[in-house]
2 protein chains.
Amino acid sequence: MIFRQLFEPLSSTYTYLLGCEHTGHALLIDPVVNSIDRDLGEIQRLGLTLAVTLDTHIHADHITGARHLKERTGCRIAVPAIDALPCTDLGVTEGVPLRVGSVVIEALHTPGHTSGHHAYVCGERLFTGDALLIDGCGRTDFQGGSAADLYRSVTTKLFTLPDEQLVYPGHDYQGRRVSSVGQEKARNPRLGGGKAQAEFEQIMAALNLPYPKFIDHAVPGNRQCGVCPTDLPEQMQAYCGRMTESVQG
Amino acid sequence: MIFRQLFEPLSSTYTYLLGCEHTGHALLIDPVVNSIDRDLGEIQRLGLTLAVTLDTHIHADHITGARHLKERTGCRIAVPAIDALPCTDLGVTEGVPLRVGSVVIEALHTPGHTSGHHAYVCGERLFTGDALLIDGCGRTDFQGGSAADLYRSVTTKLFTLPDEQLVYPGHDYQGRRVSSVGQEKARNPRLGGGKAQAEFEQIMAALNLPYPKFIDHAVPGNRQCGVCPTDLPEQMQAYCGRMTESVQG
């Protein structure tokens, strides 16, 4: 499998490019609207064709590149089926593999950061979106978020994967790029070291995070698969997707 | 490929188990003498046979498990050919792949921590030994060590690998397990961020590390492929290999 980890610095988002060497088809996990030229350039350099975009959840901090990538390439848009977005072509569901050539994605429903959030397993790699970050996790106070749900998602679905399973997060704000299930189980300060659910819930409740600055723009735009808000201040219009707020608080 | 990352807590050493699914042959990178029962148990559970042990360098902080593993299993002992240890069966050299079934190891001569140190590339993984640690590197003041050599080794041989190449270090003292070339290039505080050689040499010179407590026991023992010293205090004899000193200082 061809693999690239691409970083979008304005929102500190990782976009993952997975390509099948046999069919030349590629999939992008969590593309960001203001990086689609970079993403398409990379796909072209690798001699691939974009077949599918796949989001882990409805983002609140940046605008997905899905809609614009579809307009540019004719690719299909996949999102968790549970989010029931009319703008998508494919709904992914736990238990039903998504195949792009020889690349096989197993979806895991991991509610907690949002109610519809899914993580994706592809061979030795786990794409955790905002459910599990390196030494952290996404906040749980909006979009049907729930610390209890996130605890169950991480401890029963992600931490039960092999220790060597590679953790590729949806964001990192300190330049870290990869971890493993064993590492997060051992030392994630919110969820690792065998923490009990009550302790995790206390940690999340005590964060006292401010209201997310962009959520009222980003969520409606992302529910349309990536429409840039028209009611943003002008300087933000130039950088649709320039939403630099941390998802983990 | 079958892959396991095994942690030896007394010296914070990672031992890596690589197994060929077709032949059932396994290779251990940097086994530790006091963990050989654990290693052999894992190999047996996986239905594998130990074919080769492979050290990255002559360790100063723990005793290699190579000799005892050979006595127990009949495996072959591989080390960098440049170290010219009479007790070994195979000398590895940059440019000559080592094959264990379908597992192919490419050796890279990476002097600096020791003069004979080698890192090993196996597919998407890079086993860096003590040349490059997560957010750190091995000390350079003994065994033919040289900060100038280490700088050249890391910047010309390791940092020129793809950003996605996974970095599996020889040690970690904080429970981190995996990184990537891109991550270390960007944020390794000693070698990342485009640091110049002079700056790295200053950092290493300013560490002012104490004389390694075990080097006078470990190096002679490891030059015999893992003989436990007989002149250690009795409580250490019980834990041959119980040498908990940090290699990075």
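Condition test on B:T88, is it surrounded by fewer than 24 Cβ atoms within 10 Å (Cβ to Cβ) and among the polar types (S, T, N, Q)?
yes
As an exercise: evaluate A:T156 against (1) closer than 19 Å to A:C122 by Cα; (2) within 11 Å of chain B (Cβ to nearest Cβ); (3) in a helix (DSSP H, G or I); (4) not aliphatic (A, V, I, L, M) and give the number of the one condition it does not meet.
Of (1) closer than 19 Å to A:C122 by Cα; (2) within 11 Å of chain B (Cβ to nearest Cβ); (3) in a helix (DSSP H, G or I); (4) not aliphatic (A, V, I, L, M), only one is false for A:T156: (2).
With the checklist (1) within 20 Å of the chain's Cα centre (by Cα); (2) within 14 Å of chain B (Cβ to nearest Cβ) in hand, flag the one item A:L150 doesn't pass.
For A:L150, the failing item is (2).
Yes or no: region B:100-108 includes at least one residue that is touching a helix residue (DSSP H, G or I) at 6+ places or on another chain (Cβ under 9 Å) and under 16 Å from B:N188 (Cα atoms).
There is no residue in region B:100-108 that is touching a helix residue (DSSP H, G or I) at 6+ places or on another chain (Cβ under 9 Å) and under 16 Å from B:N188 (Cα atoms).
For region B:130-148, which residues satisfy the criterion of being under 21 Å from B:G175 (Cα atoms) and not in a loop (DSSP other than H, G, I, E, B)?
Listed by number, the residues that qualify are B:L133, B:G136.
Name the single residue that is farthest from the other protein chains (Cβ to nearest Cβ) among those in region A:165-203 being charged (D, E, K, R) and surrounded by fewer than 19 Cβ atoms within 10 Å (Cβ to Cβ).
A:E201
Which of the residues spanning region A:1-37 are more than 23 Å from A:G101 (Cα to Cα) and within 14 Å of chain B (Cβ to nearest Cβ)?
Residues satisfying the conditions are A:F7, A:P9, A:S12.
Can you confirm whether A:R99 is within 14 Å of chain B (Cβ to nearest Cβ) and out of contact with any Asp or Glu (no Cβ under 7 Å at 6 or more places or on another chain)?
no
Readers should treat all values here as calculations from the given coordinates under stated rules, not as data from a laboratory. Remember, predicted model here, so these are calculated numbers, not experimental data. Because the Cβ atoms are built from the backbone with ideal geometry, glycine has one as well, and the counts that use them run over all protein chains shown.
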